[in-house]
Amino acid sequence: MKRFELVFPTKVYFGTGIVSEAIKKERELFGKRTLVMMTGTVLEQLGYLDNLKSILTEILGEDNVFLFQNVSPNPDIAEVAEAVAFGKENSVGSVIGFGGGSAMDAAKAAAVGIASEESIYDYLLNGYEPGPGTLPVIAIPTTAGTGAELTKGAIISCREKRIKSGIRGRYLIPRLAVVDPTFTYRIPYNTTMETGFDVFSHAAESYLSVKATAFSDMLSETAIKNTGLYLRRLSEDLDDIKARDAMSFSSMLMGMNVRDIGNCLPHRMQYPVGALTGTSHGAGLAALYPVWLRYEYEVSWERVNDVLKWLGYGMADTGGEAERMIRDFINGLGLNRTLKDLGICNMSGEDLAGMVSGNLKNDRLGEVPGICAKIYDESMGQFD
Ligand SMILES: [Fe+2]
């Protein structure tokens, strides 16, 4: 069996209504003052922000809880710089990411900048490494998708330079994750399916990664089976509480695999699609998956068949059959869109492949010359 190490750097509290208990028990992590980072006002409208604020006020006092709500869905470095200045001005000792992946990523980046003398731009654009002085990050996810509550990366854009990149390092890993599935109960259909597909893709890609271990395989299997059962159930009934809880749990489990194992080609290839079209991470992944899985079958057919079996399908004898099965799954979630449907036009697969960055070696296909261009080209046309 392959060697591996296990470290759990994040303390996790999981359960419905657990936020108050978790924050009170971990009070010392927050310091004297804290900064809550959010995307817009949706959580405020739902009453979730008032609830969090009253818990924080109880332990820190009203004057010591600061809010920054200007995080956009693809957080920009300029917004992070604004939050850093605000956090420094108010001498905050911790940063809370309250929301989906964007809020948590922005919180991680702000925690680096507030504690540093260097410009946050240097961390993003010049590869500066976050140090041990980085402020504690507390992640409170409100979607079931990214698993960012356990990961060591903050995906941040620089629109001015047309770059989407990341600040990464072990000091970015949240010290505390409070996963309360009730935050996800009112998420609308499209976001539920797109974020749920992200959970599935973390599970499938970590299982197919060359770095997969016996431990990560166990987590992938659970997350794929849960997605096959519960995301399908949510596609029929968004009020299925048991299914919501199972997706939050699976999302959190896959945060561990993203942190320790990493993803395969679809994750590297979705970033240009998202940057060019403004479409969501999950929507871009779903557009790329069928063709990618057909090629992946050629290099890892046994593992591809495990993924399909856990999703509830039979054995695929060819890559084409594997592709048809995953298309069926994607159709059932209403995510059947091509790259053209997502708004990619007047660009070749080669053009898009030129925009792919990051580590491709996790994927056995990564070394195949021209593979990204082929997958892009074949994902352009008719979905069915
Ligand atoms: Fe993802």
Next item on the list: Scan the stretch 63-102 for residues that are at negative phi and of a type in the set (S, T, N, Q) and jot them down.
Entry: N64, Q69, N70, S72, N74, N90, S94, S102
Checklist line | helices (runs of 4 or more DSSP H) contained entirely in the stretch 1-69, each with at least 1 residues that are in contact with a helix residue (DSSP H, G or I) (Cβ under 6 Å, 6 or more places away or on another chain), among the hydrophobic types (A, V, I, L, M, F, W, C) and closer than 23 Å to A115 by Cβ | finding: 19-25, 48-60
Check: Can you find a residue in the stretch 77-88 that is outside any helix (DSSP H, G or I) and among the hydrophobic types (A, V, I, L, M, F, W, C)?
Finding: no
Next item on the list: Please work out which residue is surrounded by the most Cβ atoms within 10 Å (Cβ to Cβ), limiting yourself to the stretch 288-324 and to residues that are among the acidic types (D, E) and assigned to a helix (DSSP H, G or I).
Entry: E296
Margin query: Any residue at all in the stretch 25-48 that's closer than 22 Å to N70 by Cβ and among the charged types (D, E, K, R)?
Written below: yes
Next item on the list: Looking only at the stretch 261-287, count how many residues are assigned to a helix (DSSP H, G or I), buried (at least 23 other Cβ atoms within 10 Å of the Cβ) and either of a type in the set (A, V, I, L, M, F, W, C) or more than 16 Å from the ligand (Cβ to nearest atom) (or both).
Entry: 6
Notebook entry, point to check: Which one of these is touching a Gly at 6+ places or on another chain (Cβ under 9 Å) and of a type in the set (A, V, I, L, M): I173, I187, I155?
Noted result: I155
Notebook entry, point to check: Got a sec? Which of E21, E82, E44 is surrounded by fewer than 21 Cβ atoms within 10 Å (Cβ to Cβ), at pLDDT 95 or above and within 24 Å of the chain's Cα centre (by Cα)?
Noted result: E82
Next item on the list: Could you list all residues from the stretch 320-341 that are over 19 Å from T195 (Cα atoms) and aliphatic (A, V, I, L, M)?
Entry: A322, M325
Check: How about the stretch 368-384: which of its residues are in contact with a Leu (Cβ under 8 Å, 6 or more places away or on another chain) and closer than 29 Å to K211 by Cα?
Finding: I371, C372, A373, I375, Y376, S379
Checklist line | Residue selected from the stretch 85-120 under the condition over 22 Å from the mean Cα position of the chain (by Cα) and more than 25 Å from G61 (Cα to Cα), by the criterion farthest from the ligand (Cβ to nearest atom) | finding: E117
Next item on the list: Go through the residues of the stretch 225-245 one by one and say whether even a single one is away from the ligand (no atom under 14 Å from the Cβ), on the phi > 0 side of the Ramachandran plot and either of a type in the set (V, I, T) or not in a helix (DSSP H, G or I) (or both).
Entry: no
Checklist line | Test set (1) hydroxyl-bearing (S, T, Y); (2) over 19 Å from I77 (Cα atoms); (3) away from the ligand (no atom under 16 Å from the Cβ); (4) surrounded by 20 or more Cβ atoms within 10 Å (Cβ to Cβ) - T146 fails condition number | finding: (3)
Item checked: Test: residue in the stretch 159-166 that is crowded, with 24+ Cβ neighbours inside 10 Å, under 15 Å from the mean Cα position of the chain (by Cα) and not small (G, A, S) -> no
Next item on the list: Inspect the stretch 231-249 for any residue being modelled with pLDDT of 95 or more, surrounded by 24 or more Cβ atoms within 10 Å (Cβ to Cβ), more than 23 Å from V210 (Cβ to Cβ) and of a type in the set (S, T, Y) and give the result as yes or no.
Entry: yes
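The values are calculated or read from the model by the stated rules, or taken from the named source; none is laboratory data. None of the values given here were measured: they were computed from a predicted structure. Virtual Cβ from ideal backbone geometry, glycine too; neighbours counted across all protein chains shown.
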